[in-house]
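A short reminder: the numbers here are calculations on the coordinates, not readings from a lab. All values reported here derive from a predicted model rather than from experimental measurement. No Cβ is skipped: glycine too gets one built from the backbone with ideal geometry, and neighbour counts run over all protein chains shown.
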Amino acid sequence: MPLPASPNGALLSAFEQHYAELVRYIARRTGSMEEARGLAHDTWLRIAERDVGSEGALEDPRAYLFTISHNLAMNHLRRGSWMQGYLAECGQAEQALPAQAPDVADGMMYHQAIVHVEAVLRVLPERVREAYLAHGLHGEKQADIAARLGVSIDTIKRDIAQATRSMEAAMHAWRRTPVAALAPQAAQSPSAGTEGADSVRRSRRKSLLSLLGIGSMVAGGSVIWQLLQRQALRYETVLATLRGQRMHHELPDGSVLTLDALSRMEFDFTADRRLARLLEGAAFFAVQHDVQRPFVVQARGVQVTVLGTRFGVEIDGGDGVQVQVESGRVQVEALGQRHMLTAGQGLRVGRHAVSLTQQGHAAVWREGRLDFDAVPLGEALARVARYAPMALQASPAAAQLPISGTVHVARAQEWLAALPSVLPVRVRRQADGSIDIARR
């Protein structure tokens, strides 16, 4: 039985038809193909979850599609611009202070605080985040925001208040201080009126500076890391992504992380070690070479050690761990064995065995596709589900069927619809929007 058409079928078809053009369009605005692919996936999620009943049919799906992409790109750039402005403001505050030796503890605390702020902003609902940044940090009037987003001004006030409470609560949790200690100007609601945005913005920025505890200096990532090497201070953080989203993050040693959708990592860096723990999902690392401090990634009993290379680690749907090397060499320790992998090689650690593989390209999920080679259907569905806007489930009999091939994330609906032509299964959409796959 064919998969029933999605209520947003016209938009999804337009997305598939114009995907390459859309990525180029976003890349011209962001200046990054990696960010463009991630924002294109965010666009796909937005249209897949669109409430047709409330918005009605569209006369021009392509125009609607590019409008969503444009708004997502502008939000992305606005957030980046705010971060740069915030750093510049902190730098000006530092210059106004008497000359003194850098305080590495303050510098490291500041770096971790910025990571914390980014994490809070990332998990806020999109409209709430946009309203908060537009009003509290860019000075846009609440009435103008409401008109631009097509909602009431009371809704915008509630959104801003929600974001402010989340930000302040998170910062107090990070500093381990009680919320009651909040200064009066930090507790002031941003919805106290549509005028006076400049004074509200200044007071909130001062409150945030006070809350972060930045008094004597602000150091860039490279300076922080040099001081960390000398004084054995610790850098700790947790990074996580939501369904359908990816993250690019530069670590304080200069290494770069790409985190896949529905993934979570912990980092613990000191002067003599760089330790990362993959708790869920998949990650790709471009590691800065440092012969004195090997970079170690741990995932479900598997340990990967490198000095400087590019490689991916993934916890797959079958509870195994995959390691794929793009360049350089890595050492993998698992199940009492030790393996050296070089460029183009991969390794999968199961519950009881380790198998070596040849990889054409490591971590292909960075390019918006997933490759399967005779993996159980249940495992493949679990991987696709990191991006799918609906729940995917298979009966026990169907979940054991092996499947091979490539799934383009942006065309996952087509792949699901084609499953009955390659496997003895039925694919049905349930009343709640989920997809159920059973063996026929």
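Using a Förster radius of 25 Å, what is the FRET efficiency between residue 236 and residue 319 based on their Cβ-Cβ separation? Nearest 0.05, please.
Approximately 0.40, to the nearest 0.05.
Given a Förster distance of 51 Å, report the FRET efficiency between residue 118 and residue 440 from their Cβ-Cβ distance, rounded to the nearest 0.05.
0.60
Taking the Cα centroid of segment 412-435 and of segment 250-318, what is the distance between the two, rounded to the nearest whole Å?
Spelled out, the Cα-based centre of one part sits 35 Å from the other.
Between residue 162 and residue 305, what length in nm is gained on full extension when 0.36 nm per residue of separation is reduced by their alpha carbon distance?
47.2 nm
Taking R0 as 56 Å, what FRET efficiency do you get between residue 331 and residue 74 from their Cβ-Cβ distance, rounded to the nearest 0.05?
Step by step, r from the Cβ atoms, then E = 0.80.
Roughly speaking, what is the stretch gain from residue 149 to residue 421, that is 0.36 nm per residue apart minus the C-alpha to C-alpha distance, in nm to one decimal?
Gain in length upon complete extension: 93.6 nm.
Could you check the spin-label model distance between residue 432 and residue 273? Points 7 Å from the Cα along Cα→Cβ, value in nm.
4.2 nm
From the P(r) of segment 232-353, can you give the percent of Cα pairs sitting at distances over 17 Å?
Of the Cα pairs, 52 percent sit more than 17 Å apart.
Once all Cα-Cα distances of segment 240-309 are split into 10 Å bins that start at 0, what whole-number percent is in each one?
20, 56, 22, 2
What is the spread of the Cα atoms of segment 343-427 along each of their three principal axes, largest first, in whole Å?
39, 30, 21
Run through segment 349-404 and list the trypsin sites (Lys or Arg not before Pro) located in a DSSP loop whose Cβ has at most 13 other Cβ atoms within 10 Å.
Sites meeting the loop and neighbour criteria: 351.
For residue 425, what residues show an amide H to amide H distance below 5 Å, using hydrogens built from the backbone and excluding near sequence neighbours?
Here 440 satisfy the definition.
Could I have the simple spin-label model distance between residue 67 and residue 17, label points 7 Å from Cα toward Cβ, reported in nm to one decimal?
1.8 nm
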